[in-house]
Amino acid sequence: MQKRLLLILVAVLLAIAGYFYGNRNATVAYAYSPTEGTVPKSYGRLVTAISDQIGTGLIFEDADGVIRFVAMTGMKEGELARYDQTPTHGGIPKSYGHLVAAVTNPKGTGLVFEDSAGVIRFVTITGVKEGELTRN
């Protein structure tokens, strides 16, 4: 009986000591790691920010319509060219207008464009048009 009481008492003392020692050296884990970077002004205007499996990304469009995907660290992750007449592999026609938004889902990233006539187009990141809305 005394051995059990001594064992319980030692276990309680160790638990209390562990609590106080662990409380003093607590580590805080953040959902994101604060980073700083730079983005060239030549990337154009910031259109939107998206979050996907690899983190948060920024999407820029310059005056020529080139779309750039940039990580929060400032590193360019990708670029989509725009074309007038001759289609380019993975490019998007300039006639689609300006990029107004981007969305992510399990199938990938989608881009939303609006032209000067008010036509809204939904386009995949590979340049395939998925849908179109006209405004009256």
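The values are calculated or read from the model by the stated rules, or taken from the named source; none is laboratory data. Owing to the predicted nature of the structure, the values given are computational and were not obtained by experimental measurement. Virtual Cβ from ideal backbone geometry, glycine too; neighbours counted across all protein chains shown. These area figures cover heavy atoms from the full protein model, side chains too; ligands, DNA and RNA do not enter into them. Shrake-Rupley method; radii C 1.70, N 1.55, O 1.52, S 1.80 Å.
One table, with the values for the structure above:
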{"item": "The listed residue being open to solvent by 90 Å² or more (accessible area, probe 1.4 Å) and either modelled with pLDDT of 90 or more or assigned to a strand (DSSP E or B) (or both), out of Glu36, Glu77, Glu132", "result": "Glu77"}
{"item": "Residue that is farthest from the chain's Cα centre (by Cα) [pool: residues in segment 88-109 that are within 17 Å of Thr56 (Cβ to Cβ) and open to solvent by 60 Å² or more (accessible area, probe 1.4 Å)]", "result": "Asn105"}
{"item": "Residue pairs meeting the criteria (Cβ under 6 Å; at least 6 apart or on separate chains; first surrounded by fewer than 19 Cβ atoms within 10 Å (Cβ to Cβ), in segment 54-71; second in a loop (DSSP other than H, G, I, E, B))", "result": "Thr56/Met72; Asp62/Gly44"}
{"item": "Residue check for Val112: of a type in the set (A, V, I, L, M, F, W, C), touching an Asp or Glu at 6+ places or on another chain (Cβ under 7 Å) and either assigned to a strand (DSSP E or B) or open to solvent by 50 Å² or more (accessible area, probe 1.4 Å) (or both)", "result": "no"}
{"item": "Failed item, numbered, when Gln85 is tested on (1) open to solvent by less than 90 Å² (accessible area, probe 1.4 Å); (2) under 24 Å from Ile120 (Cβ atoms)", "result": "(1)"}
{"item": "Test for Ala117: is it out of contact with any Cys (no Cβ under 7 Å at 6 or more places or on another chain), on the phi < 0 side of the Ramachandran plot and not in a strand (DSSP E or B)", "result": "yes"}
